[in-house]
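The structure under discussion appears below in the form of C-alpha cells.
The values are calculated or read from the model by the stated rules, or taken from the named source; none is laboratory data. These figures come from a predicted structure and were not determined experimentally. Neighbour counts are summed over all protein chains in view; Cβ atoms, including those assigned to glycine, are modelled from backbone coordinates with ideal geometry. For the accessible areas, the whole protein counts, side chains as well, though only heavy atoms, and no ligand, DNA or RNA atoms are used. Shrake-Rupley method; radii C 1.70, N 1.55, O 1.52, S 1.80 Å.
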Amino acid sequence: MTALSRRRSAPAASSLAIHAIGEAAPLPDGAFVATVPGEDAPLLPLDLPPGLKGIARERVARRQLRDAGCAAGLDTRPARLGPGREAWARMLVCDGTRRVDWAARVAEAGRRCRAVLPDYLALPAAPDLWVIETGAAGMVRARIGVRDGFSAEPDLARALLEEAAGTAPPGAILRRGAPDAPLDDWLVTLDVPVCDGDDALAAEGIAPPVRFAHGELALDLARDPEAQRAAMRTGLRRIAAALVLALGGFGFWAASVQIETDRLRDLDRSYRANTEDMLRAGLVPSGPVLDIRAQAGAALARARAEAEAARTRSRPLDVLRAAGEVLAKHEPRVTRASFQPGLGLVIDLEIGDFAALDALVGDLAAAGTEARVARSVAREGRGVEAVLALAATRAEAGQ
C-alpha cells in the first residue's frame, strides 16, 4: 500500500454548511454551499493535448463534446481541480435551463451561498484516496482522488469505479453512508484499506480528506461565465472609449506625420523607379533588381574587366607580325598557324633542339610577344616539335 501524505490543516471553506437544493428546509442563515443532484451535472473526461492552454483548450474541449453528441444548450465549464489546474482534462456539464433555475433558487441568499455544486463535489477529497458515500435513496456519490467524481445508481457506480481502478487504483478508500453489499464486497477485492471514518484512516497513517480545498468552489453553477465575459467586454469597451478621447489629439498629430511619411515614401518610390530605369538601360538589362548599389557595382566591375581584357587582347595578324622577325632569325620550320579562342595565335613548328626552343621563347618575350609552350616533343632526326601560343604583351598591345 502507498501511504498517503498528510495534509495541512483544513481551510475555512471545509466548515461550510451544505444545503441540498430541492429540499423543503429553508436556506441556512450562515455561509453555505448548495448542492444539486450529481447525475444532472457530470464531469465528462476529454482527450486534450497536454500543451494546449487557455481559451484554445476550452474551444477544443467544447468541440469534442459537440462531436460526442452533446446538445447545444448545455452549460460547460473546465473542471480545474487539484494541482496543475491549467492541464485540466474534464468539463462540468449541465443543462443550461436547469442551471438558471438552480441559481434562482439560491439568489435570495446573496453572498451567503458560496457556490452551487453537484453533490459529489461536496464530498471531501485527497490525492490517491477514493471517498464513496451511499445516500438514503441508494444513489452512490464518489470522489476519485481530487480531479474526478460522480453520482450514479449502484450498478453504474460500480462500472465507473471498475474503470477508474483499471486506470489508477486507489491507495485507500473512505466508505461512508448506508451499506451496499455488492459494492462493498467488490471494494474488498481491490486489496486496499477500506476505512469507515477519519479515525480508521488515522489508524492506517492516512490524513483525512478535506472538503472544498481543491478548487471546487470555482465551479460555482450559480455563476454564468458567459455573462461575466460580456460584462468584462462592456467594461473594456468603456475603457477603450475613454482612451480614444484621451488620445484624440495624439491621433491628429499622428495623422499629419502619416501624411508626410506617405509623401516621402511616394518620393522614394519615384527615385527608385527612375534609378531602376537607368540601371535597366545601361547595366542590368534583365533579371530582378534587388540591391541597386550591389548590382550596379557588380555590373560596372564586369564592364571594367571586359574593357581591360579587350585592351590587352590583340589580333592574330598583329601578333604574327610582331613575332615574325624573331621567327625569321631562329629559322624554325612552321608547319601550321591557327587562332584558337582562349589560346590566341597558335603556331606548330619544328626547331633544332630544346635549347633552341628556349632561346626562341626568350627572344619572343624580349620582342614584346608572350610565347607559351603548349606542347613540345623530341623527334628523331627532326629535332623538336613544339606548339606555341602567342599573344602580344600589354605594352605591345597598347602601341
Just checking, how many residues over the stretch 163-186 are over 39 Å from the mean Cα position of the chain (by Cα) and surrounded by fewer than 17 Cβ atoms within 10 Å (Cβ to Cβ)? 9
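Mind listing whichever residues of the stretch 31-41 are of a type outside the set (Gly, Ala, Ser) and either without any contact (Cβ under 8 Å) to a residue 60 or more places away in the chain or touching a Gly at 6+ places or on another chain (Cβ under 9 Å) (or both)?
Quick first cut of the stretch 31-41, residues of a type outside the set (Gly, Ala, Ser) only: 32-33, 35-37, 39-40.
Within the stretch 31-41, VAL36, PRO37 qualify.
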Within the stretch 198-229, restricting to residues that are modelled with pLDDT of 90 or more, among the small types (Gly, Ala, Ser) and outside any helix (DSSP H, G or I), the one that is nearest to the chain's Cα centre (by Cα) is GLY215
Among the residues of the stretch 124-154, how many are open to solvent by 20 Å² or more (accessible area, probe 1.4 Å) and either in contact (Cβ under 8 Å) with a residue 60 or more places away in the chain or part of a loop (DSSP other than H, G, I, E, B) (or both)? 11
For the stretch 301-313, check the following and say yes or no: at least one residue is assigned to a helix (DSSP H, G or I), exposed (fewer than 11 other Cβ atoms within 10 Å of the Cβ), within 41 Å of the chain's Cα centre (by Cα) and at pLDDT 70 or above. no
Picking from GLY22, GLY30, the residue that is modelled with pLDDT of 85 or more and not hydroxyl-bearing (Ser, Thr, Tyr) would be GLY30
Give me the pairs: first residue in the stretch 64-76 and under 16 Å from LEU52 (Cβ atoms), second residue of a type in the set (Ser, Thr, Tyr) and open to solvent by less than 40 Å² (accessible area, probe 1.4 Å), beta-carbon distance under 8 Å, and six or more apart or on different chains, which are they? LEU65/THR76
